[in-house]
Amino acid sequence: MVLSKDFLWGGDISATQIEGAWNEDGKSPVETDYLLPGKKGIPRYAYYQLKNGKMGKALQFSGQAPKGSKFILKKDQVYPNHFASDFYHHYKEDIALLAEMGFKALNITISWARILPNGIKGGVNPKGIDFYLAVLKELKKYNIKPITTLYKYDMPAFYITEFGGWSNRELIAEYLAFCKICFNNFKDYVEYWVTFNEINILKWTLDGNNNASQTDKQRIFQETHNQLVASAKAIQLGHDINPANKIGCMVCGLFTYPRTCNPDDVLANQKFMQDNIFLFSDVIVRGHYPSYAKRIFEEYNVNIEFSTEDEKDLINGKADFLPFSYYFTNCVSGAHSQRGLLTGVSSAYENKNPYLKSTEWDWQIDAKGLKYALELLNDRYDNFPLLIIENGIGAKDVLNSDNTIHDQYRIDYHRKHIKALESAVSEGVNLLGYTMWSCIDLVSAGTGELRKRYGFIYIDVNDDGTGTYKRYKKDSFYWYKKVIQTNGNDLD
Ligand code: BG6
């Protein structure tokens, strides 16, 4: 048997993408609640109004809404995260289905805006605590371990428009207050915590935004630094509250290959992974910035406000494990320097790999790349514990008249990825688990579509929110159940 008996088989969901109930029981709005849908190649934007009445729009994740502005909802528009999969009212039924599959773990995110909707000054929202306690109790009932993510692009929106977002260091204290409430209130139920989801995403978004100014560059590097410090402080706090807590900080696995064996491509690829993955994972695992950080800050011409206190926090707040997401790989070429992931401009990064097939949303399917990623991280961090959080295929599923959903493509996708991870583990990689995205259908983060489905459980809801919200088991549901039952031995 390749995998240990404690291997964490499971899935992932996230508050903004699954819960719905966006303004119920005291929750305040988050930036995602203002995002209009996009689609393949068309990013999502949130509209805001400046004090002088002028309107503007902020690219998703960019935190571009200026201080003093107000996010607005446009009339007659669909805001998909408002309804999502309505997990808020279906969590018992959903968790029972996950238990039927034999889940050992579920990665959930706790919405900051349900717990502290108006920040420290507004106090705790008891209904937010009650909701997550109810979810955690339900998970415990079935022996499903929660992997609890504390931040996934979902702080209350007023932090952006009133505080100026993560570039304001006061936000660190607000975040820690939120973390403390979670560590204290949920400590009897949670062992695994994740401080931030995809902490490298802001930097990636910066490269994808061809309109980014020098001020944006400075802001985003400072914001990311502040998040890394916040994460390290949260790890210290979590360990103080309960030394048994295992706490990680997650990176988006943007793994790449050189486009060719031309040394220029090889160096460009090395640089791409330093700039977009390792800069962050090095800080998380080693507790300090790597030597090449200086080169990156010089290239972007940014100056990070970095105190000796920060230095101590980073070293004292090293993670216990490294969670990462993995969806696709790309190739990097030394020939271009322009990158434009969100704006569709041809770029050094977006070189498709001729050896790989793509999903309907043009994400390249690369199971062997998962082994490559695991080995890279394992070598770099000397057998440090890794956890695959989020790996899956977005596809248009069809609900047949007999309530079946034949998603053989999803089974093939996961089968190959599980084979790849088993191969890495058999060669010594220290892997804690595999939680796939997203066990239950939910709103796509990047496009706001519901038709881009990832789950083993189908939700009857359309892009515009119409539907019965009934849950149906896809073919992959039964397949994953068998995989878990046999601890990954039977993948047929
Ligand atoms: C991950 C995000 O990077 O990608 C998820 O953490 C997201 O929130 C997932 O849903 C898939 O992306 P998308 O755009 O297809 O939803």
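The values are calculated or read from the model by the stated rules, or taken from the named source; none is laboratory data. Given the structure is predicted, the values throughout are model-derived calculations rather than measurements. Every residue, glycine among them, receives a Cβ derived from its backbone with ideal geometry; neighbour counts consider all protein chains shown. All accessible areas refer to the heavy atoms of the entire protein, side chains included, with ligands and DNA or RNA removed. Shrake-Rupley method; radii C 1.70, N 1.55, O 1.52, S 1.80 Å.
Things to note:
- Membrane-span-like helices in the chain, defined here as complete DSSP H runs extending at least 18 Å along the helix axis by their C-alpha atoms with mean Kyte-Doolittle hydropathy no lower than -1.0, are 87-100, 126-141, 170-185, 214-241, 367-380, 408-426; this is a sequence and geometry rule, not a statement about a membrane.
- Counting only DSSP beta bridges whose two residues both lie in the chain, roughly 35 percent are antiparallel.
- Charge dipole of the range 8-485 about the Cα centre (unit charges at C-beta), most positive-ward option of ASN226, ILE201, GLN49: GLN49
- Positive-end residue, the chain charge dipole about Cα centroid, Cβ charges, pick of VAL2, TYR132, ILE411: TYR132
- Between ASN52 and LEU491, the contour length at 0.36 nm per residue exceeds the Cα-Cα span by 152.0 nm.
- The chain - convex hull of the alpha-carbon atoms, volume per residue in Å³: 140
- Surface composition of the chain: carbon plus sulfur atoms hold 50% of the accessible area, using a 1.4 angstrom probe and ignoring ligands, DNA and RNA.
- For the range 346-468, the dipole from Cβ point charges (+1 on Lys and Arg, -1 on Asp and Glu) about the Cα centre works out to 300 debye, to the nearest 20.
- Each stretch of four or more DSSP H residues adds -39500 (n - 2.57); spread over every residue of the chain, this sum gives -11000 deg cm²/dmol at 222 nm.
- Pairs of lysines in the range 342-466 (C-alpha under 14 Å apart; 8 or more residues apart or interchain): 7
- Pairwise centroid distance, computed over Cα atoms, of the range 279-335 with the range 368-384, Å: 17
- Nonlocal Lys pairs with alpha-carbon distance under 17 Å, the range 138-291 (8 or more apart, or different chains): 12
- Taking all Cα pairs closer than 8 Å and separated by 6 or more residues, the relative contact order of the range 420-492 comes to 18 percent.
- Full-stretch length increase - ASN118, GLU309 - with 0.36 nm per residue and alpha-carbon distance subtracted: 66.0 nm
- Here the range 57-136 and the range 180-244 have alpha carbon centers that stand 17 Å from each other.
- For the range 158-299, the Rg and Dmax computed from alpha carbons only, in angstrom: 17.0, 55
- Sorting the segments 277-283, 99-105, 76-82 by their residues' average number of neighbouring beta-carbon atoms within 10 angstrom, most packed first, yields 277-283, 99-105, 76-82.
- Cβ-placed point charges (K, R +1; D, E -1), dipole of the range 151-309 about Cα centre in debye, nearest 20: 220
- Average accessible area per residue (Å²) across the range 8-485 - probe 1.4 Å, nucleic acids and ligands excluded: 38
- At R0 = 30 Å, FRET efficiency that the Cβ-Cβ distance of TYR189 and LYS39 yields, to 0.05: 0.20
- The range 378-432: C-alpha pair distances exceeding 16 Å, %: 56
- The range 8-485, dipole about Cα centre (Lys/Arg Cβ +1, Asp/Glu Cβ -1), debye to the nearest 20: 400
- Antiparallel content of DSSP bridges confined to the range 40-167, in %, to 5: 60
- When only Cα pairs below 8 angstrom with a gap of at least 6 residues are kept, the range 8-485 shows a relative contact order of 18 percent.
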